[in-house]
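Read the structure below first, then the notes.
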Amino acid sequence: MIIISYYNEEEKGKVLEDLTWNVKQIQDDLLKEILTLNSGTEYLQNFLHGSSAKELFKKNLPIVTYKDVKPYIDRVANGESSNIISTLPITNFFNSSGTSGGANKILPSNSKYLDGSAFSTDLLAHVIRKHVKGVERGKGMLFFLTGHDTKTPGGFPIEDGISWYLKSDYFKNRPSTWFYSYTSPDEVMLGSDLKENLYCHLLCGLVQRDEVTRIGSTFASGMVRVIKVLEDSWKELCSNIRSGNLSEWITDSGCRNSVSLVLGGQPRHKLSDEIESICSQKSWKGIMKKLWPQTLCIEAIATGSMAQYVPTLKHYSGDVPLVSTIYASSESMFGINTDPLCQPENTSYTLMPNISYFEFIPTEGGNGDVVDLADVKLGCSYQLLVTNLWGLYRMRIGDIVKVTGFHNKAPKFRVIGRENTLLSIDTDRTTEEYLLKAVNRARLVLESSDLRLVAFTSYADISSSPGHYVIYWEVKTKEEDMKELDEKTFLECCSVMEDTLDEEYMYCRANEFIGPLEIRVVNDGTFDSLMNLSISKGASITQYKYWRQMWLLDSSVLSEHLMCLSHDIWSKKRGRNVCVLSVLSWFLLTIF
Ligand code: AMP
C-alpha cells in the first residue's frame, strides 16, 4: 500500500483516477498477493494446498460467516500462532458491534488494516477539499474518542478501529496539513473518560469557534450526543470561557493540562457573552452554524441505521451540508464517499479496490454465482464478502449493498442495511430500510403537531400471540414551550407506519398472523442512558449503534418508564372500537 499523506492534491487526484479506472487489474493483483502471502497458513492449506491460483480460490474456498471461522480466530486470540490464518502476525483484535449468536465478535487485525484506513482517509481529504471550497482554511472540530481496551486470553488488545488509529504512530506522526489540524489537543481524543472528553472537545471548539470549518464525529449518533452535552452544559462551558479556567471535575491529567493550555488562563468575556446569547435562544434550530459560523460541512456517517438521525442533525445544523464520509467495518475499510455534497439519503460509497478483495452474492435473480467487484451490475443488490491481507477469506460481512452508479469504472454502493432482517414475526421480513421509510413517514405526522423524533429503535415482540412490532420512540417538543401531546397523533403515526410496510406485512396483518404495531414513547434521555449502560458493559463508544442493543430496552432499565400506545388499525378499518391509552398525563409528568 503506498503512503499518500504527503502527496499534493494533483498527485492524490491521479491516485484516485488510477484506482477507479483499473478496478479489475488491481483486485486481481491484490488477490494474488493475499494468496501468495498466506498460502502456507493452516486455513488456506486446508482448501488450496499451497496454491495461489484465483480459479482454485473460487472453486475450493468456502464462503463463510463469522461462526464458521470463529474457532480459528479464537485459537489465535488465545495465543496460538497467527500462522493459523495469517502469515503477517496478528497484533490486535477489533471488537465488532455486530454479534454472532449473542456473543461479541472479535476480528483479527494488524498494521495492514491501518495502512488501508490511512490511505482511504487521505483520499477522502482530497475529495472533501475538492468539493467543499475553502474547508482547508480552518480547523476540524472532530469528536474523536478512545474506548477502553480489553485483552484476549493470549494477551492481544481488543479495541475498536478508531481507538487503535488514535493510539497508533499514524495518528501521532500525522502530517501537519489542514485535514489533520483539530481544535482539540490529542490528549482530549485519547482521554479515558467519555464525559470529560466530550466536554473538553466542546470547550476547545467554542474557544476557537471562528476557526472551525468542519465538525465531525464517526457516526451521526455521536453528533446528536454532542448536541445533548452542549444542551446540558453550555452555561458551565460559558463560565469556563469567561474565567479562563477549567471546571474542577475534569480530573484526567492529559485533558486538564492540554485544555488549560488552550484556555491559557485568559478571561474571554466577549466570547462567553456571544455564546451565551446564542445558546439562550428559545429555538436551537441551526445552532451549529450560529456557534461555529465558518463551518462548511458536518462529517458523520449518516447512512444505514444512522439515517434515522439525519432529520435531527438537519434541525441543528441549519444549511450546513452533512457529509457521510466512509464505509468501513472491523473486517476491512471498504470505501469513501466520492460525491460528498450529495444529500445523505443519496449517499453511496466507492469501494477502494486496493484495500481488500471484494466479492458479491446477488440477493435476487442470477444463479447465486459470486461476482467480482468489476462485474457488479447497476441497480442490483448484493451481499458483501471480504478477503483481506490479515486472515479473513470470503467472509460475509452481513451487509446488503446496492450498485447506484460508477466513479470511472469503480462501482458505487448504497448501504441498504444488514443482511439479517431487522424485524420478523411470521413470513414478513422487514429490513432496516423499510422500517426507516415507515418511521420517516410517521415522523412527518409527528412534526405536524410540533413534536420531533429524537431517536428510535424497534423490536419484534413475540411474547404474546400473535406477535407484533414494537417501536420505541424518544420524542421532544419542537419549540421549548410546547406542552401538549395529542394521542391522536400517535394513532396516526401507527397507522402511517403500518401502511408503509411491505405487502408481506400487510398480508400477515390482514390474516392476523401479526398483531397491531405498537409505539412505546420513552422518557427524555432514555437513548442516552442506553448508550451509557451499553458502554459501561464494555461496548465501544465509537461504534455504538442503538438498534443492536435491543435487549437493553426490555431490561429493567426502562420498563418502569414505558407507556404503550396500542392501535389496531385493522380493527378500525373493520369499524371496531379502538382502545387507546392516553399518554398526555404521563408525558407532562415525566417531562416537566
Ligand atoms: P463494526 O464492525 O462494528 O465497525 O460495524 C461495521 C458495520 O457498520 C458495517 O458492516 C455496516 O453495517 C455499518 N456501517 C459502517 N459504515 C457504514 C456506512 N457508511 N453506512 C452504513 N452502515 C455502515
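The values are calculated or read from the model by the stated rules, or taken from the named source; none is laboratory data. Small disclaimer: the values here were computed from a predicted structure and weren't measured. Note that we place each Cβ from the backbone using ideal geometry, even for glycine, and neighbour counts take in every protein chain shown. With ligands, DNA and RNA removed, areas are computed over all heavy atoms of the protein, side chains included. Shrake-Rupley method; radii C 1.70, N 1.55, O 1.52, S 1.80 Å.
A dipole drawn for the chain from +1 and -1 charges on Cβ atoms has a positive end, and of V226, L114, H126 the residue lying farthest that way is H126.
Less than 5 angstrom separates the built amide H of V323 from those of I298, E299, A300, all sequence-distant by 5 or more or on a different chain.
Accessible surface for M333 stands near 10 Å², nearest 10, in the context of the full protein assembly shown (1.4 Å probe). Between C342 and S253, the contour length at 0.36 nm per residue exceeds the Cα-Cα span by 27.9 nm.
Listed cross-link partners K228/K289; K289/K437; K59/K409 are compared with a 24 Å cut-off, the Cα-Cα value being larger for K289/K437; K59/K409. Of the chymotrypsin sites (Phe, Trp or Tyr not before Pro) found in the stretch 1-110, those in coil by DSSP whose Cβ has at most 13 other Cβ atoms within 10 Å are Y6. In this structure, the amide hydrogen of L142, modeled 1.01 Å from its nitrogen in the peptide plane, lies closer than 5 angstrom to those of T183, S184, G216, counting only residues at least 5 positions away or on a different chain.
Dividing the helix sum by the residues of the chain, where each DSSP H run of 4 or more adds -39500 (n - 2.57), gives a mean residue ellipticity at 222 nm of -12000 deg cm²/dmol.
Ordered by 1.4 Å accessible area with all protein chains kept, R214, R242 run largest first as R242, R214. For the stretch 12-52, trypsin sites (Lys or Arg not before Pro) meeting the loop criterion (DSSP other than H, G, I, E, B) and having at most 10 other Cβ atoms within 10 Å: none. Largest accessible area first, the residues E498, E33 order themselves as E33, E498 under a 1.4 Å probe with ligands, DNA and RNA left out. Put a plus charge on the Cβ of each Lys and Arg, a minus charge on the Cβ of each Asp and Glu, and nothing anywhere else: the dipole of the stretch 192-340 about its Cα centre is then about 400 debye. The 3J(HN,Hα) values that the Karplus relation (6.51, -1.76, 1.60; θ = phi - 60°) gives for the stretch 43-50 are, in residue order, 4, 5, 4, 3, 10, 10, 6, x Hz. Gly and Pro appear as x. Phi-derived couplings, Karplus 6.51 cos²θ - 1.76 cosθ + 1.60 at θ = phi - 60°, listed residue by residue for the stretch 302-307: 10, 10, x, 5, 7, 4 Hz, with x used for Gly and Pro.
Accessible surface comparison of F156, F456, probe 1.4 Å, protein chains only, largest first: the order is F156, F456. When the GluC sites (Glu not before Pro) in the stretch 309-386 are filtered for DSSP coil states and for at most 13 other beta-carbon atoms within 10 Å of their beta-carbon, the remaining sites are E364. Summed over the residues of the stretch 223-341 and divided among them, the accessible surface reaches 37 Å² per residue at a probe radius of 1.4 Å.
Seen through its C-alpha gyration tensor, with square-root eigenvalues sorted a ≥ b ≥ c, the stretch 268-386 comes out prolate because a/c lies at 1.5 or above while a/b is bigger than b/c. One quarter of the convex hull surface built on the alpha carbon atoms of the chain amounts to 27.0 nm², the projected area averaged over directions. For the stretch 260-269, 3J(HN,Hα) computed residue by residue from phi via the Karplus equation (6.51, -1.76, 1.60; θ = phi - 60°) reads 4, 5, 4, 6, x, x, 9, x, 10, 5 Hz, glycine and proline entered as x. For the chain, with all protein chains in place and a probe radius of 1.4 Å, 51% of the accessible heavy-atom surface sits on carbon or sulfur.
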